[in-house]
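Contents: one structure, followed by commentary.
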Amino acid sequence: MSTTGLAHQAEAILVHGLIRLLTLLPPAAASRLGGAVAEGIGPFLPVTRKVGDANLRLAMPELSAKARRRILLQVWRNLGQTVAELASLRALREVPAGSLKPGYVLEGWDEHVAPHLAPGSPALFFTGHTGNWEVMPLIAATHGIDFGFMYRAPSNKLVDEMLARLRQRGYDSPVRMFPKGAAGARAAYAHVRQGGALGFLVDQKLDAGLAVPFFGKTAMTMDALAIFAMRLRCPVFPIHVRRLGPARLHVICEPPIPLPKSENKSADAVALTTEVNRIVERWVREAPGDWLWLHRRWPKGTA
């Protein structure tokens with residue numbers, strides 16, 4: 001067996017053990033543990049300085065070094081909690097506002113989403129890496145929506161399979177998962193064209209896509225959401241998650257975005273993608289510690 005194969009097996013054994021441990025704990029305890037471990041280790045990793053702090057200095061230059069360190073601690077805590085909560089998705093259900101029980105408070109669904117959904121009609125949702133982004137498929141499944149989402153598969157196939165099983169158990173109903181890439185995009189488009197709903201994480205750095213502003217700096221942004229929306233003329237719903245505490249979340253649904261309609265399809269796609277980035281930027285500014293500043297969102301050398 002190759003060195004890579006052995007490393008993947010060792011990684012899979014470790015991940016399996018962590019999942020077993022987390023599933024034995026109550027949701028809040030598992031989330032608290034994941035957050036504490038990530039907060040204790042993450043700030044010392046090179047990615048914190050080389051990517052996280054650099055991103056913050058680029059996007060929010062008004063922040064002091066102390067403020068950036070505080071935000072990055074929150075980022076690591078939130079990331080650890082989000083990963084740990086994968087083992088408790090089944091327990092994360094809607095709770096009333098003000099509740100201290102594990103779960104999510106859902107705001108705006110009845111006002112902004114439900115009136116625009118029709119059985120057998122396509123719908124698109126987008127979010128960013130804010131709060132716990134894993135709950136969007138859970139909420140859609142809870143409301144009986146034929147939902148799918150695009151994701152970046154881990155390089156370790158064994159880990160990818162474990163996480164897929166974990167998600168499916170947590171959603172408690174079939175949710176389609178489409179890996180990023182040409183084949184995944186074709187399957188995702190076929191799903192939504194046939195009347196399904198599709199979710200996008202729109203804040204990842206890409207080598208292709210559309211160059212549109214994000215925090216005033218040009219960032220390559222996925223064009224699939226705009227292409228699908230322009231072709232299907234279906235509602236596009238912004239939804240984001242704020243963290244209230246360990247295994248406690250606030251999910252905020254906003255009205256669907258008006259779709260541009262001109263004779264220039266390329267310009268319309270740019271306009272829609274620019275609006276999507278503007279919305280995500282607003283979410284990040286409202287709660288910068290909830291967003292994953294640890295991925296390279298802008299090209300190197302951006303100033």
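A few remarks follow.
- Cβ-Cβ FRET estimate between LEU58 and ARG93, R0 fixed at 41 Å, reported to 0.05: 0.60
- Whole-number percent relative contact order across the stretch 49-130, with pairs defined as alpha carbons under 8 Å at least 6 apart: 13
- Unit charges on C-beta of K, R, D, E only; dipole of the chain, Debye: 740
- Set LYS217/LYS261; LYS157/LYS300; LYS50/LYS217; LYS50/LYS205 screened for pairs whose C-alpha atoms are more than 20 Å apart: LYS217/LYS261; LYS157/LYS300
- DSSP beta bridge pairing in the chain, given as percent antiparallel to the nearest 5: 35
- For the stretch 3-290: relative contact order, % (alpha-carbon pairs under 8 angstrom, 6 or more apart): 23
- Applying both filters, DSSP loop and at most 15 other Cβ atoms within 10 Å, to the trypsin sites (Lys or Arg not before Pro) of the stretch 101-174 gives ARG152.
- Here the Kirkwood formula puts the hydrodynamic radius of the stretch 3-290 at 19.9 Å, using every distinct Cα pair.
- Förster radius 41 Å - calculated FRET efficiency between GLU111 and ARG165, Cβ distance, rounded to 0.05: 0.75
- Most tightly packed first, judged by the mean number of other beta-carbon atoms within 10 Å of their residues, the peptides 181-194, 236-249, 31-44 read 236-249, 31-44, 181-194.
Read-outs throughout are calculated quantities, based only on the coordinates presented, and are distinct from any laboratory measurement. Please read these numbers as outputs of a predicted model, since none were measured by experiment. Heads up, the Cβs are rebuilt from the backbone with ideal geometry, glycines too, and the neighbour counts pull from every protein chain shown.
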